[in-house]
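Each remark here refers to the structure printed beneath this line.
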């Protein structure tokens with residue numbers, strides 16, 4: 001009888017260990033970066049640049065705009081400690097059509113899975129502006145899980161800006177609750193206002209994500225299971 005019990009217990013223990021390893025693997029993959037994309041719009045010109053977890057892009061003459069995107073990163077499918085982080089953008093209107101054509105830059109990624117409660121998104125933006133221009137930032141989250149998915153109902157908080165002075169800074173929290181998978185998009189708008197201006201900016205999207213307490217409790221229970229079975233075997237001897 002004891003041998004039969006120990007055989008069944010051993011099978012249960014092996015199954016539980018396999019389940020726990022699967023849960024650990026799923027949790028670890030949350031930090032892997034997914035593919036992300038940049039879209040640059042000026043007047044009637046639209047350029048889309050695919051990425052692989054890190055954004056880099058430069059264009060020395062897009063309708064007169066000189067653009068450099070040197071640093072951007074996505075944490076998809078995770079949302080903590082950040083979702084999207086666009087840390088280095090510079091743009092200068094060198095004359096020509098850019099004086100009348102605002103520059104609209106989108107940085108976007110899909111596949112975010114962390115559930116976010118209503119009002120828990122946070123977007124932060126800062127800029128240094130030289131000249132007569134203005135700078136604006138908008139953040140978006142969309143349950144359609146497609147790149148560059150915008151729309152009024154998908155806006156995170158309020159539009160930040162437009163800033164017209166050097167060193168502008170703003171934060172905005174809000175947005176509806178959302179359950180993955182979903183996409184995140186940062187939109188940066190630079191407007192030369194017909195004069196001469198250059199911009200340096202950064203922005204990010206973060207969110208407060210509930211701790212997966214149920215998963216922690218389950219993991220703790222599975223870790224204790226082999227000790228419990230060992231104690232049970234000793235008690236039956």
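Would you be able to tell me the number of residues in segment 126-148 that are within 18 Å of the chain's Cα centre (by Cα), at pLDDT 85 or above and under 20 Å from residue 102 (Cα atoms)? Even if it seems obvious, please write down each step before you answer.
Initially, segment 126-148 is screened for residues within 18 Å of the chain's Cα centre (by Cα), giving 126, 137-148.
Still in the running and at pLDDT 85 or above: 137-148.
From the residues that got through so far, the ones that are under 20 Å from residue 102 (Cα atoms) too are 137-140, 148.
So the answer is 5.
A quick yes/no check of all residues on (1) in contact with a strand residue (DSSP E or B) (Cβ under 6 Å, 6 or more places away or on another chain); (2) surrounded by 18 or more Cβ atoms within 10 Å (Cβ to Cβ); (3) assigned to a strand (DSSP E or B):
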{"residue": "78", "(1), (2), (3)": "no, yes, no"}
{"residue": "91", "(1), (2), (3)": "yes, yes, yes"}
{"residue": "109", "(1), (2), (3)": "yes, yes, yes"}
{"residue": "118", "(1), (2), (3)": "no, no, no"}
{"residue": "128", "(1), (2), (3)": "yes, no, yes"}
{"residue": "136", "(1), (2), (3)": "yes, yes, yes"}
{"residue": "141", "(1), (2), (3)": "yes, yes, yes"}
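Only one residue in 153, 180, 157, 161 is part of a helix (DSSP H, G or I), modelled with pLDDT of 70 or more and under 21 Å from residue 106 (Cβ atoms), so which one is that? Give the steps one after another, and end with the answer.
Numbers: 180 fails: part of a helix (DSSP H, G or I); 157 fails: part of a helix (DSSP H, G or I); 161 fails: part of a helix (DSSP H, G or I).
Result of the check over 153, 180, 157, 161: 153.
The values are calculated or read from the model by the stated rules, or taken from the named source; none is laboratory data. In this text, all values refer to a predicted model and were calculated from it rather than measured experimentally. Counting neighbours? That spans all protein chains shown, and the Cβs are built from the backbone with ideal geometry, glycine included.
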